[in-house]
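The next block holds one structure in the form of structure tokens; read it before the comments.
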Amino acid sequence: MPNNNVFNPLSQPVYTTNTNPYTSPGIVAPPENNAGNTGNLFNAGSTNSTTLGLLGGSVIATVQLANPAGSGKTLYVSRISGGITVALNLLSTFSGSMSLTANGTLTSPTTLTPANSNLSSSNTSVATVRFSVAVPSSATSVMAMPLQVGPFVSNEFGRYVIPPNQAINLSVSGSLTVGGLMASTAYFAWWEV
């Protein structure tokens, strides 16, 4: 006779047991732990810091995480992070935003070197990471949200998958209506399989 009540009714409980080799309680860890142990978890990002003139303006930081064609690996985004720092006077109005986009072209990019999260590993990333002080052109929007002054972090646990010949961009933008010092920062953490 089948047990159709899978949520442990009092009259017909369903019992489970852990099957890992560790003692109770069971140990569960995200995939990043194993990627870090094997030297396949990487980080890269940068900051754009600018003193704005009397009329204010915008400060943009964009990091592009690209998986080259023929790399033989897939990239999984572990975390996106960054933030906006502002030193301004009381008369200025602030606005900030973060956007994730797919593919597209960066304006005057510089190349960043990914850091391996396992400090004893000699593994290097297959990814090409670029930084620009402008938003990418011809990119497909994936997500956008407003930001306040300060840091942000979003743990993705592999929700964004970048196969070969694809790229994902993280753009952080802050704007002031009156001059001041502003910095925008964007960072990716990812693992490779």
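The values are calculated or read from the model by the stated rules, or taken from the named source; none is laboratory data. For clarity, every value in this text was computed on a predicted model and none was experimentally measured. Side chains included, ligands, DNA and RNA excluded: accessible areas come from the protein's heavy atoms. Shrake-Rupley method; radii C 1.70, N 1.55, O 1.52, S 1.80 Å.
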Applied in sequence order to region 149-166, the curve 6.51 cos²θ - 1.76 cosθ + 1.60 (Karplus, θ = phi - 60°) yields integer Hz couplings, x standing for Gly and Pro, of 5, x, x, 9, 8, 9, 7, 9, 6, x, 5, 9, 10, 10, x, x, 6, 10
Given a 1.4 Å probe and every protein chain left where it sits, what share in percent of the accessible area of region 119-193 is carbon and sulfur?
-> 58 percent
Stretch Ala102-Leu54 to full length: gain in nm at 0.36 nm per residue minus the Cα-Cα span?
-> 13.8 nm
Amide H contacts under 5 Å for Val142, placed H, 5+ residues apart = Leu100, Thr101, Ala102
Under a 5 Å amide H to amide H cut-off, with H placed in plane at 1.01 Å, what residues pair with Ala134 once short-range neighbours are removed?
-> Thr62, Thr107
